[in-house]
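Below is one structure, written out as structure tokens; comments come after it.
A short reminder: the numbers here are calculations on the coordinates, not readings from a lab. A quick note: this is a predicted structure, and the numbers were derived from the prediction, not measured. Using ideal geometry, Cβ is built from the backbone for each residue, glycine included, and neighbour counts are taken over all protein chains shown.
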Amino acid sequence: MSFLDLKNVTKIYPNGTKAVHETSLSIDEGEFMVFVGPSGCGKSTLLRMVAGLEDITEGDISLDGKLINQVDPSERDVAMVFQNYALYPHMNVYNNLAYGLKNRGIDKETIEQKVNDAAKLLQISDFLQRKPSMLSGGQRQRVAMGRAIVRNPKIFLFDEPLSNLDAKLRIQMRLEIKKLQQKVGVTSIFVTHDQVEAMTLADRLAVINNGIIEQLGTPIEIYDNPKSLFVAGFIGSPQMNFLDGNIKNKTLSAEGFEIKDIQSDFNGDVILGIRPEHLSQTENGLINLKVDLVEQLGSDNLVYGQLKDKKDFCYRCPGNQTIEKGSNLSLNIENNKYYIFDKSTGKRVN
Amino acid sequence: MKIKPLQILAHIILILGVLLMVVPIWISFASSTHDTVTILTEGMKFNIGEYFSRNYNEVLNEKGGWSEEVTAAKMFINSFIMALGIATLKVTISAMSAYALVYYRFKLAVPIFWLIFITLLVPLEVRIFPTYKIVSDLGLTNSYTGLILPLVASATATFFFRQFYRTIPDELLESAKLDGANSWRFFIDFLVPLSKTMIAAMFIFMFVYGYSQYLWPLIMTTSEKYWTVVMGMKIIFTESYEGVALPRTAERFAYIILSMLPPVLVVVILQKWFIKGLIQTEK
Ligand SMILES: Nc1ncnc2c1ncn2[C@@H]1O[C@H](COP(=O)(O)OP(=O)(O)O)[C@@H](O)[C@H]1O
Ligand SMILES: [Mg+2]
């Protein structure tokens with residue numbers, strides 16, 4: 001049995017919304033798990049059930065070997081960082097950190113020690129006497145983290161804690177959270193709708209869609225081997241290109257080109273997925289791209305254009321190649337890195 | 001800095017407002033330092049007279065009433081106790097009932113809230129006879145409990161607290177829960193400090209309400225020991241002159257000035273709290 005176990009967990013809200021469907025998931029001690037998915041897919045609901053802030057409609061959740069379905073959130077020994085931080089506005093930073101410890105009847109000196117240690121770790125020692133309203137976004141973020149860390153809980157829960165920060169700070173805090181988690185070693189679940197955040201933070205990640213875990217795995221597994229159209233489209237930036245096609249006897253025909261001897265026995269309508277970074281320029285390549293627009297990022301160029309059938313398409317090439325607007329490129333798929341999905345079910349078939 | 005005509009106009013309006021508030025009080029005070037005869041013959045006064053200490057001494061120490069049992073000082077104390085009791089209980093009870101209505105999402109919360117709200121339509125004056133019956137059946141006439149108890153429920157304050165609590169983000173409660181706070185702790189450690197301003201404002205408001213009660217104390221007190229300021233204003237300092245009851249106007253002015261002190265005191269004490277809360281937005 002692993003550290004946190006979800007078994008067939010379902011959540012139906014009183015108004016009838018089915019937010020989570022029969023989800024099962026195991027998280028090991030010390031693991032950094034990320035739930036990623038579009039807004040409204042049920043990630044927060046799942047997290048809040050672990051915290052005890054939402055009732056579990058069906059299924060079981062156990063933490064550290066104990067069934068916690070009926071355990072009150074205050075008794076679960078979990079800590080949560082909220083999107084808006086939910087700092088206590090009338091208490092100074094010190095008391096924000098100390099409050100949870102006081103409620104657990106810990107003596108004053110131990111509290112002081114713990115708060116000071118946590119403050120040092122998060123570099124907020126200088127602000128201990130300030131009220132949250134006198135802190136910057138990044139500092140508030142740290143206080144929220146401190147409040148979680150200081151209690152030394154069994155599990156950290158993060159609900160999109162970085163989405164209120166500006167882009168630069170977000171990247172910085174992302175890094176800090178990862179470092180901190182590695183240092184403290186607490187089992188963590190992190191919820192986000194940002195796939196870059198998910199990829200960079202996760203030991204393992206769960207891609208959630210419509211209340212179902214579509215795929216579970218390490219970031220690289222999921223990037224290399226998406227099991228469904230949804231996962232393929234959600235993970236990776238810029239997004240994977242999708243083209244309509246049809247398979248007959250191991251031959252895939254798409255608009256304008258064919259791929260022979262594919263690794264699939266599937267016959268019928270499919271969607272072909274190709275990542276922009278898995279293409280290279282050759283003579284007489286499979287795909288002809290008419291360039292509309294080039295975004296130069298320095299390290300890379302993102303080339304946007306259209307195929308013969310006016311379908312939008314993106315190609316990513318090293319930044320040192322110069323590509324003219326309006327030119328025609330001939331592209332090949334590198335190392336047969338393409339993905340084929342059943343058009344009706346969205347399931348991967350190669 | 002150049003002064004714009006609009007600013008001058010604004011100041012004129014403000015000064016007029018201040019005069020409107022201050023002049024009547026000044027006239028009352030100035031008149032309270034004269035002789036009744038002077039006021040009756042010459043009208044109200046703007047200047048300070050010579051009878052300050054005599055008039056105020058009489059007001060505080062002279063026994064009045066039908067049976068000459070009560071002094072004005074005693075009535076101030078009675079009113080102060082009554083107002084303090086009403087304000088304290090009103091604020092406590094409304095804050096707690098609003099807490100129940102907002103945070104315990106039981107099915108009847110909304111109907112119950114509206115039921116409470118409807119009681120605004122039946123103030124004490126409307127239900128005074130049934131109230132009197134109950135209070136007298138409980139044997140509470142001529143007691144502070146009897147003066148205070150029928151007035152302690154407040155729909156207005158419940159409404160304001162409810163509206164305020166609803167603006168507090170849910171995450172605060174959730175976060176507190178995860179930090180091990182039970183319902184009672186959340187109320188004491190969060191809602192009370194966060195609604196400090198509100199509590200101060202409500203307290204002032206309710207204190208003045210309690211202090212200026214007239215009909216209820218008039219009906220439920222038969223013993224002069226429980227007379228209140230507003231009742232006394234009509235009754236004491238009356239002199240019989242050739243069979244006609246004549247008011248002792250100068251003493252009455254002194255009485256009015258003194259009767260304003262307790263509410264003013266409450267405002268002065270609480271306004272610091274009140275203004276501090278207004279300046280620091282802590283949400
Ligand atoms: N308290 C609630 N009552 C009813 N429906 C809710 C409630 N909270 C969330 N939902 C619904 O449940 C679904 C999942 O919500 P949520 O878990 O918040 O999604 P996410 O965090 O992935 O954006 C959404 O369709 C949302 O509208
Ligand atoms: Mg969410």
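Taking other C-beta atoms within 10 Å as the exposure proxy, A:Y223, A:Y88 rank A:Y223, A:Y88 from fewest upward. Along the stretch A:217-229 the Karplus relation, 6.51 cos²θ - 1.76 cosθ + 1.60 evaluated at θ = phi - 60°, assigns HN-Hα couplings of x, 6, x, 5, 3, 6, 5, 6, 9, x, 8, 8, 4 Hz to successive residues, with x for each Gly and Pro. With a Förster radius of 30 Å applied to the beta-carbon distance between A:K7 and B:K107, the computed FRET efficiency rounds to 0.45.
Between the Cα long axis of helix A:108-121 and the first principal axis of chain A there is an angle of about 30°, rounded to the nearest 10.
Could you please rank A:R316, A:R130, placing first whichever residue has the fewest other Cβ atoms within 10 Å of its Cβ? Let's see the in-between values first.
Working: A:R316 18, A:R130 15.
Fewest to most other Cβ atoms nearby, the residues stand as A:R130, A:R316.
Residue by residue through A:139-149, how many Cβ atoms from other chains fall within 10 Å of the Cβ on average?
Rounded to a whole number, the mean comes out at 1.
What residue among A:N328, A:N15, A:N164 shows peak mean-square fluctuation when chain A is described by a Gaussian network model with Cα springs under 10 Å? In this elastic network of chain A, the residue with the biggest mean-square fluctuation among A:N328, A:N15, A:N164 is A:N15.
Within the stretch A:4-233, antiparallel bridges make up roughly 50 percent of the DSSP beta bridges whose residues both belong there.
Extending 7 Å from the Cα toward the beta-carbon at both B:R166 and A:N328 defines two label points whose distance is 6.6 nm. Per-residue 3J(HN,Hα) values for the stretch A:19-33, derived from phi via the Karplus relation 6.51 cos²θ - 1.76 cosθ + 1.60 with θ = phi - 60°, read 8, 9, 10, 5, 9, 10, 6, 10, 10, 7, 5, x, 7, 9, 9 Hz in sequence order (x marks Gly and Pro).
Placing a label point 7 Å from the Cα of A:N69 along the Cα-to-Cβ direction, the residues of the stretch A:1-19 whose backbone N falls under 12 Å of that point are A:7-10. Note on B:W184 and B:V268: the model spin-label points, each 7 Å out from Cα along the C-beta direction, lie 3.8 nm apart.
Between B:K133 and A:D107, the modelled label-to-label distance comes to 6.3 nm, taking each label 7 Å out from Cα in the direction of the beta carbon.
Note on B:F46/B:L218: beta-carbon distance plugged into 1/(1 + (r/R0)^6) with R0 of 30 Å gives a FRET efficiency of 0.35.
Sequence-distant contacts, meaning Cα pairs under 8 Å at least 6 residues apart, place the relative contact order of chain B at 29 percent. Mean partner shielding of peptide A:79-86, defined as the number of other chain Cβ atoms within 10 Å of each residue Cβ, is 4. Annotation: the residues B:R127, B:R162, sorted from fewest to most other C-beta atoms within 10 Å of their own C-beta, follow the order B:R127, B:R162.
The charge dipole of the stretch A:240-342, taken about its Cα centre with unit charges on the Cβ atoms of Lys, Arg (+1), Asp and Glu (-1) only, comes to about 100 debye. Its DSSP H runs of at least 4 residues, each contributing -39,500 (n - 2.57), put the calculated 222 nm mean residue ellipticity of chain A at -7000 deg cm²/dmol, to the nearest 500.
Rounded to 0.05, the FRET efficiency of the B:I275 and B:I8 pair, given R0 = 22 Å and the Cβ-Cβ distance, is 0.20. For chain B, a Gaussian network of Cα nodes joined below 10 Å ranks B:K177, B:K63, B:K196 by mean-square fluctuation, and the top entry is B:K177. Per-residue Karplus couplings for the stretch A:165-177, computed as 6.51 cos²θ - 1.76 cosθ + 1.60 with θ equal to phi - 60°, are listed in order as 9, 6, 3, 5, 5, 4, 5, 5, 5, 4, 5, 5, 4 Hz, Gly and Pro entered as x.
With the cut-off at under 17 Å, measuring from each backbone N in the stretch A:177-195 to a point 7 Å along the Cα-to-Cβ line of A:A167 picks out A:194-195. Using modelled backbone amide H atoms (1.01 Å from N, in-plane), which distant-in-sequence or interchain residues come within less than 5 Å of B:L246's amide H? Amide H to amide H, under 5 Å and 5 or more residues apart or across chains, B:L246 pairs with B:E239, B:S240, B:Y241.
Amide H contacts for B:K45 (H built 1.01 Å from N in the peptide plane; partners 5 or more residues away or on another chain; cut-off under 5 Å): B:S31.
Close amide-amide hydrogen proximity is noted between A:V270 and A:G245, A:N246, A:I247, A:K343, each under 5 Å apart and 5 or more residues distant or on a separate chain (H modeled in the peptide plane; Pro and chain starts excluded).
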